[in-house]
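Engineer: Questions regarding the structure given below will be posed in turn.
The values are calculated or read from the model by the stated rules, or taken from the named source; none is laboratory data. Just so it is clear, the model here is predicted, and its values are computed rather than measured. Cβ sites come from the backbone with ideal geometry, for glycine too, and all protein chains shown count toward neighbours. Heads up: the accessible areas ignore ligands, DNA and RNA and are worked out on the full protein's heavy atoms, side chains in. Shrake-Rupley method; radii C 1.70, N 1.55, O 1.52, S 1.80 Å.
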Amino acid sequence: MARIGKSFFDRDVDVVARQLIGTTFIVDGVGGVIVETESYDASDPASHSFGMRQAEWTATMFGPPGHAHVYRVYGLHWCLNFVCRVASAVLIRAIEPRYGIERMIKRRGTEKLELLCSGPGRLCEALAITKSLDGISLTRAPLSLAAPSKRPQLVSGTRIGLSKGREAERRFGLKDSIFLSKKFPSKRKV
């Protein structure tokens, strides 16, 4: 598998979100295959960067491509985004666990593989992702990204849990994956 470099992220966020599906993502020896993503940019009312508004906690979204943007949602769960071009990022919603599964089970307190990393908060807990990784390069240790050997079949749909921008089809997933945070209502291929 070929490693992914910074130039991969210096592109349109929707393109990156689709092409991350099937990518192997590992944090300090723990991880798996990305099976679900969502895209956000400054033109999107659901984005933290909507209208190019900036805050201390969103600073990494305005930094260079190829870095992690980690934030807490509802004051409870960490969420991981991959920064693309200025004010755009891909939320990593779910992975299929493949590496360091015993550590994931211990961190999450469940042995159900399909529940280990199915959702942004669960994924961050399983991979021990916290604010300490905000701003870190996605192309250097302890993180690792490797492109799939072949392009997987994708499905798309509307994003989850939003009050604004709900209608935008900016959620992408691996077709027929049992590790998604939520099934896609229609199996529309991308």
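Engineer: Can you work out the PRE-style zone for ARG103? Point 7 Å along Cα to Cβ, and I want the residues of region 9-30 with backbone N under 15 Å.
Structural biologist: 25-30, by backbone N distance to the label point.
Engineer: Heavy-atom accessible area per residue, the chain, 1.4 Å probe: how many Å²?
Structural biologist: I get 47 Å² per residue for this part.
Engineer: Figure the gain on full extension for ASP28 and THR158 (residue separation times 0.36 nm, minus the Cα-Cα span) and round it to one decimal in nm.
Structural biologist: This chain segment gains 43.6 nm when fully extended.
Engineer: State the Kirkwood hydrodynamic radius of region 86-130 in Å, one decimal place, computed from all pairs of distinct Cα atoms.
Structural biologist: 10.8 Å
Engineer: Report the residue, chosen from LEU123, LEU80, LEU133, that carries the largest GNM mean-square fluctuation when the chain is represented by alpha-carbon nodes joined by springs under 10 Å.
Structural biologist: Of LEU123, LEU80, LEU133, the Gaussian network model singles out LEU133 as fluctuating most.
Engineer: Follow-up question, since we're still on this one. Using a Gaussian network for the chain with springs between C-alpha atoms less than 10 Å apart, which of these wobbles most: GLU56, GLU125, GLU38?
Structural biologist: Fluctuation is largest for GLU56.
Engineer: Check each of the trypsin sites (Lys or Arg not before Pro) in region 8-93 and keep only those in coil by DSSP with at most 13 other C-beta atoms within 10 angstrom; list them in order.
Structural biologist: Of the trypsin sites (Lys or Arg not before Pro), the ones in loops of region 8-93 whose Cβ has at most 13 other Cβ atoms within 10 Å are ARG53.
Engineer: Tell me, in nm to one decimal, what length is gained between LEU76 and ARG53 on full extension, where the rule is 0.36 nm per residue of separation less the Cα-Cα distance?
Structural biologist: 6.0 nm
Engineer: Note down the nm distance, to one decimal, between modelled labels 7 Å out along Cα→Cβ at VAL86 and at SER132.
Structural biologist: 3.3 nm
Engineer: Which whole-number percentage describes the relative contact order of region 1-95, with Cα contacts under 8 Å and a sequence gap of 6 or more?
Structural biologist: Value for region 1-95: 32 percent.
Engineer: Okay, moving on. Taking only Cα atoms and a 10 Å spring cutoff, compute GNM fluctuations for the chain and point out the largest among LEU127, LEU113, LEU154.
Structural biologist: Highest fluctuation among the options: LEU113.
Engineer: Next up: Over the chain, what is the mean sequence separation of C-alpha contacts under 8 Å (at least six apart), divided by residue count, expressed as relative contact order in percent?
Structural biologist: 28 percent
Engineer: Same structure, new question: From the list (i) 132; (ii) 107; (iii) 116, can you say which value of volume of the Cα convex hull per residue in Å³ was derived from the structure given?
Structural biologist: (ii)
Engineer: Would you please give the FRET efficiency between LYS112 and LYS175, computed as 1/(1 + (r/R0)^6) with r the Cβ-Cβ distance and R0 = 25 Å, to the nearest 0.05?
Structural biologist: For LYS112 and LYS175, the calculated efficiency is 0.70.
Engineer: If you stretched the chain out fully between ALA2 and LYS182, how much longer would it get, using 0.36 nm times the residue separation minus the C-alpha to C-alpha distance?
Structural biologist: The ALA2-LYS182 span can extend by a further 61.9 nm.
Engineer: Taking Rh as the Kirkwood radius computed over C-alpha pairs, what is the Stokes-Einstein D of region 1-98 at 25 °C in a medium of viscosity 0.890 mPa s, expressed in µm² per second?
Structural biologist: 179 µm²/s
Engineer: Carbon and sulfur atoms: what percent of the 1.4 Å accessible area of the chain do they account for?
Structural biologist: Accessible surface attributable to carbon and sulfur in the chain totals 52 percent.
Engineer: With contacts defined as alpha carbon pairs under 8 Å and 6 or more residues apart, what's the relative contact order of region 74-120 in percent?
Structural biologist: Contact order relative to length: 39 percent.
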